[in-house]
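Right, one structure below, let's go through it.
The values are calculated or read from the model by the stated rules, or taken from the named source; none is laboratory data. These numbers were taken from a predicted model, which means no experiment stands behind them. Don't worry about glycine lacking a Cβ; one is built from the backbone with ideal geometry, like all the others, and counts go over all protein chains shown.
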Amino acid sequence: MDKLNANQQLLLATAWVDNNLDPAEADMLRQVLGKQGIAAGDIETALKTQPPPIAQLISQMPGGQPREDVMRDVLRMCFSDGVLEFEEFDLIERLAGQLGLNEETLERIRNQVSGE
């Protein structure tokens, strides 16, 4: 887990938010983390590890990552298995608040992600 930065761990935590790592979520994590240069073995280890609490990860995120990009990545992960669980919906709402995104911005990002 120490091989992943806070943003990568946030994606992992998003996939685990409903206490179930769906195969579609695992595949998306493999793709995203692989493109970011994380070794396959480190990815597989991370997939088996329960991530830190989401609030802790958000506080550790570097300021350089645009807030909308963070939300876009989280939404992609939430929608990757085709089912938006209550825990995922709750996460989206909490994260939007913590990132300072208003409803209009969140809806625009949701529309972008769902149209991909």
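Within region 48-71, the set of residues being modelled with pLDDT of 85 or more and within 13 Å of the chain's Cα centre (by Cα) comprises E68, D69, V70, M71. If you go through region 92-113 and keep only what is assigned to a helix (DSSP H, G or I), surrounded by fewer than 17 Cβ atoms within 10 Å (Cβ to Cβ) and small (G, A, S), you end up with just G97.
Taking (1) modelled with pLDDT of 90 or more; (2) more than 14 Å from L95 (Cα to Cα); (3) not hydroxyl-bearing (S, T, Y) in turn, V74 satisfies each apart from (2). In region 16-25, of all residues being buried (at least 18 other Cβ atoms within 10 Å of the Cβ) and among the acidic types (D, E), the one that is farthest from V70 (Cα to Cα) corresponds to D18.
If the condition is being surrounded by fewer than 19 Cβ atoms within 10 Å (Cβ to Cβ) and under 14 Å from T49 (Cβ atoms), then region 3-15 contributes only K3.
Of P53, P66, all but one fail to be out of contact with any strand residue (DSSP E or B) (no Cβ under 9 Å at 6 or more places or on another chain), of a type outside the set (G, A, S), loosely packed, with under 14 Cβ neighbours inside 10 Å and over 21 Å from V113 (Cα atoms); the exception is P53.
For region 28-91, which fully contained helices (runs of 4 or more DSSP H) count at least 1 residues that are of a type in the set (F, W, Y) and either over 15 Å from N5 (Cα atoms) or touching a residue at least 24 places away in the same chain (Cβ under 8 Å) (or both)?
In region 28-91, the matching helices (runs of 4 or more DSSP H) lie at 67-79.
Restricting to region 69-91, count the residues that are aliphatic (A, V, I, L, M) and either exposed (fewer than 13 other Cβ atoms within 10 Å of the Cβ) or touching a Phe, Trp or Tyr at 6+ places or on another chain (Cβ under 8 Å) (or both). Don't jump to the end; show me each part of the working.
Here is the first cut: in region 69-91, the residues aliphatic (A, V, I, L, M) are 70-71, 74-75, 77, 83-84, 91.
Now drop any that are not either exposed (fewer than 13 other Cβ atoms within 10 Å of the Cβ) or touching a Phe, Trp or Tyr at 6+ places or on another chain (Cβ under 8 Å) (or both), which leaves 83.
So the count comes out to 1.
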